[in-house]
1. ³J(HN,Hα) across region B:21-36 via Karplus (A = 6.51, B = -1.76, C = 1.60, θ = phi - 60°), whole Hz, x for Gly/Pro?
2. Sum up the charges of everything whose Cβ sits under 9 Å from the Cβ of residue B:78, counting Lys and Arg as +1 and Asp and Glu as -1, but leave residue B:78 out.
3. Quick one: Karplus J couplings for region B:214-228, per residue in order, coefficients 6.51, -1.76, 1.60, θ = phi - 60°, nearest Hz, x for Gly and Pro?
4. How far, in nm, would the chain grow between residue A:273 and residue A:228 when pulled straight, counting 0.36 nm per residue and subtracting the alpha carbon separation?
5. Please state the charge dipole magnitude for region B:123-242, taken about the Cα centre, from unit charges on C-beta atoms (+1 on K and R, -1 on D and E), reported in debye and rounded to the nearest 20.
6. Near residue B:17, within a Cβ-to-Cβ distance under 14 Å, what is the net charge of the other residues, with Lys and Arg +1 and Asp and Glu -1?
7. If each DSSP helix of 4+ residues adds -39,500 (n - 2.57) and the sum is divided by the residues in the protein assembly as shown, what number results at 222 nm, nearest 500 deg cm²/dmol?
8. Around residue B:232, with a cut-off of 10 angstrom between Cβ atoms, what is the net charge of the other residues, counting Lys and Arg +1 and Asp and Glu -1?
Amino acid sequence: MSSSPTETRAPGATTLVDVTMPQMGVSVAEGTVVAWAKQVGDRVEADETVCEISTDKIDTEVPAPVSGVVAEILVGVDATVEVGVVLARIAVDSASGELPGGGGAAAPTPTAAPTPTAGPAPTAAPTPGAAPPPHVAPVSGAPAVNGASHRRYSPVVQRIAAEHGIDLSVVPGTGRGGRVRKQDVLALVEAAPEAPMHIESPYRPDPVPAGSGGQLSRMRRQIGAHMKRSLETSAHCTSWIEVDMTRVQSARARLGVTALPFVASAVIAALREHPQLNASLEGERYTQHAAVNLGIAVSLGEDGLIVPVIRAAHELSVEGLATRIRDLAKRARTRALTPDEVRGGTFTITNPGQYGTIMATPIINQPQVAILDLEAIVKRPVVVTDADGNDSIAIRAMTILGLSWDHRALDGALAAQFLASLKRGLESV
Amino acid sequence: MPTMTYLQAISSALRDELRADERVFVMGEDIGVFGGAFKVTDGLFEEFGPGRVMDTPLAESAIIGTAVGAAVVGMRPVCEMQFSDFISCGFDQLVNVAGKMNYRQGLAVPITVRLPSGGGFSGGPFHSQNPEAWFMHSPGIKVVAPSTAEDAKGLLHTAIHDPNPVCFMEHKHLYRRIKGDVPSGIYETPMTARVARAGSDLVVIAYGAMVHVALEATEDVDGASIEVLDLRSLVPLDSDAILDSVARCSKVVIMDEANATCAAGAQVAALIAEHGFEDLDGPVVRVATPDVPIPFSPPLEQAVLPSVERVREACRELLAY
């Protein structure tokens, strides 16, 4: 994830390797440190998590580029820094013979005197430039050890060693040519000293029946901030329209999908007819968008919600939309979305109707200018008029679509026209 | 529970299906009056008559094509290829017509093609092949390959009930060599792998006749604990079971009686390389038939087919790694 680590020489027999804020998607320029998994002085193995970071709504972990000891932590929790900024430095003990890949040109000498090409030399005297490095440590990805520098370990052996913090250089190998086998490292794991016997009193007071609670999660705080900001920014108005979904219901049953992709498809068509709603308003700057990048609100249960975006949704059929919605929702719930997949929406649909509610006043997803709310579809008696103008009462699958729109960007007539064309589209599926 | 040979188990499945479901009928070369080249269908003609046990001309393309048509209008045909090698003559009907019917037309093609396959009895290059990988490579066709009498009956029921075309690879060499307890009546064996013997130091992955070679070869290899995983189904391939065995054992030998290149075992090896890498403690080892026609000469045939000795040696080498 991070680019090739840069190393700096420090006094003594150590090399410092930078841990930087990684690039996580093309449009992401910065990230926030959420928590440090390691503290200064902690031992860390290559690829082990050093800290957790967050960019917008996506949380991820930063792996250590090399094994070593955390020497410095340069960015505190909750600080936001640009991609590439050094977050921490890991000291690699050169006596252990390990060097990160890519930086191997200047090999450390065993006596710790830096070579002239290796950057600042604060204390020790540099060796003459002509002197060849007396020992070049291997630069392959596999951990290597002085005295056994040609040892290579199988994937499973490396994994078990990392999980149990075992230094493989001291593990006797019983495989061919002294190779360390899985059972060799497992034997060491099993032989590890047992935890001391428990000698505290077994008495434990009854737990206080406290209500659950505490600090709001990071996601809740972010959702809260977004919602407050939107209410303070936009002049929210909500318009509703009643739509006969009977045809959609039979079409969706035929395709084996939910009504949502049909609504999405009709929304896209209505947006093409009224592009003023496929827009963003930032301050006094109003922009209409040619492409429809459709945001779909996905509930993450108690954790909150997220709005993944279907890019160029106007190019997709109903089936295509259904597939994309399913995929994005699934990955949203497994936290597998990339930052780029939750940005750049031009219009948003929210769909909490599964619980039977029939109306809501959704909050606009800034900087968009409108959001559509799809609630429950319920059978109701309605008056229908046939081709000859005769009225009768029929059972139809009805829903109420709610559109919250920004009165700064448009007026009620346009919102009503948009809803009317949406209704036409859905009733003629 | 009655004890049956592998062959009797297959016959029993056919008889039970013919009795239970009037949509089921069987067709093939000499399967009626003569009772089949291997006598799998012996007695069926007498019980069910020529309308449901049909002798066909020597034309595999016609057999499968007829079955596809019957399946599309609601029947459940079971075709016998006299030898699996002969299916090359029916390839287009199976791979292009049956396999793609659902994709193209949305129609189910519930046909079962029984493929007596495998060597070991000096049948020569036209009567000894294991063509299962041809069909694994072609979307729309399922492929199963039982190794025991119980699974032979259960998987044949599953295959006949399945709405897709299914290649049922029945190993000729097991017909009368393998016996076992078989539940009576109709039951379905799932298209998943089966741990034939549990172990923890190394796993041998095999299917069909090779399961028995694997079990014999690994009964005692210097006291090591060796697992044998019987794939049973090649499409769908039970990747969860494979990766689970690899995670526990970390060393893998994969067997194929088929020619090595692009065999089912090659697909298993690729799966492990891609998804089981972090569990491996040694190279993935394959024991397969080299890429040569199966020789007629008995000593030459024994030399190319995976033997108990070759498997044992491969396990010993890998255990020592």
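Every number here is computed from the coordinates shown, using simple stated rules; none is lab data. This one's a predicted model, so the numbers in the text were calculated from it and none came from an experiment. FYI the Cβ positions are ideal-geometry reconstructions off the backbone, even for glycines, and counts take in every protein chain you see.
1. For region B:21-36, the Karplus-derived couplings read 9, 5, 6, 7, 9, 10, 8, x, 7, 6, 8, x, 4, 7, x, x Hz, x marking Gly and Pro.
2. Counting the neighbours of residue B:78, the net charge comes to 0.
3. The phi angles translate into 4, 5, 5, 5, 9, 4, 8, 10, 6, x, 6, 8, 10, 8, 10 Hz.
4. 13.1 nm
5. The dipole of region B:123-242 has a size of about 520 debye.
6. Net of charged neighbours comes to 0.
7. Only helices count here, giving -8000 deg cm²/dmol.
8. For residues surrounding residue B:232, the net value is -2.
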